[in-house]
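In what follows, a single structure is set out as structure tokens and then discussed.
The values are calculated or read from the model by the stated rules, or taken from the named source; none is laboratory data. If you're wondering where the values come from, they're calculated on a predicted model, not measured in any experiment. Reconstructed Cβ throughout: ideal geometry from the backbone, glycine too, with neighbour counts over all protein chains shown. With ligands, DNA and RNA removed, areas are computed over all heavy atoms of the protein, side chains included. Shrake-Rupley method; radii C 1.70, N 1.55, O 1.52, S 1.80 Å.
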Amino acid sequence: NASSHYEILNILDEEDIVIEGNGARLIGERDTHRGAEGEWGFGLSVRGARNVLVENLIAEDCWGDGFYIGSGRRKYSQDILFRNTKAIRARRNGLSLISVRGFLSEDHESAHTFGSAPQWGVDIEPNDPREYLEDVTFNRTRTRNSDGIGFGIYLAALTSSPNPVSISLVDCSDAKSVAGFSVTSARDIGGRIDLIRARSDKAGEAGISIRRKAVSGPFVRVVEPVITDWNRNSVTPAAAASAISIFAPGGDDGSEALGAVDIIAPDIRLTNKNADASAAIFVKD
């Protein structure tokens, strides 16, 4: 098809839905797509839905995202469980989480995400300040070979939102993406973000990037991260060339000081003697 938008499987404003994939594949057509416009061809879309279980389902070769969870008539989906899902060769994102109240993902994998920005394995990114990222947990998510970030959280649209965020990443890992993990925050957002035992191996640039972390944004805690052999692309800016970076480049929104970040017991390992690493931890406000 030539459509800029499609959804192979769509759960819109429904509730009490169970999808037992049993290894079923939702196969898009990114290589034979007849048009060049848009980036919104999805494998599975869950919008405005409540009480949904999706397990053992694979989405591959989609023009946009493998999986998309966000708003319908309501500004959020609620009580969504993903188990053993996989997104392969998505053109935009493997999995996009836009607005949800109660989301648990166990053993998701996103691999080989490339083609249209942002090209992230997992992208947590609301569209406007009325949306929610409440009670969100990813357990044992694996991302690899993304042309963007493996696992990214981008909260710019929530600036001054009344809805606090609560996001936990537990035992998640990335290998060989341009960057392993990224948190881009914003001003005047309550809540917290926990990265527990995140592992980044052979990132093209930084292993963990924390950008524009305004002190009035959600508290960010990075506990026992393991960063191995970062900056495979030999970039020179220290913010992109360091294992862990906390920074605010010129042009980013706001002038508030950075803060409310804990980095606890990092394990940073450079085993490739030819790597061009700027620093283990880089901080620039």
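Can you send over the carbon and sulfur percentage of the accessible area for the chain, probe radius 1.4 Å, protein chains only?
For the chain, the apolar C and S fraction of the accessible surface comes to 46 percent.
Using all alpha carbons of the chain, what is the percent of pairwise distances in each 10 Å bin, ordered from the shortest bin to the longest?
Once binned at 10 Å, the Cα pair distances of the chain give 7, 30, 36, 21, 5, 0.
Find the centroid of the Cα atoms in region 135-158 and in region 51-83, then give the distance between the two in whole Å.
14
Cβ neighbours within 10 Å, averaged per peptide: list 49-60, 246-257, 169-180 in order, most packed at the top.
Values: 49-60: 20.0, 246-257: 13.7, 169-180: 23.3.
Per-residue mean Cβ counts within 10 Å order the peptides as 169-180, 49-60, 246-257.
Could you tell me whether region 141-228 comes out rounded, prolate or oblate from its Cα gyration tensor? Rule is a ≥ b ≥ c as square roots of the eigenvalues, rounded for a/c under 1.5, then prolate if a/b exceeds b/c, otherwise oblate. Working shown, then result.
Numbers: a/c = 2.37, a/b = 1.82, b/c = 1.30.
Here region 141-228 falls in the prolate category.
Quick one: which residues, 5 or more positions from residue 96 or on another chain, have an amide H under 5 Å from its amide H? H modelled 1.01 Å from N in the peptide plane, none for Pro or chain starts.
67, 68, 69, 123
Roll a 1.4 Å probe over the protein chains and send me the accessible area per residue for the chain in Å².
Value returned for the chain: 40 Å² of accessible area per residue.
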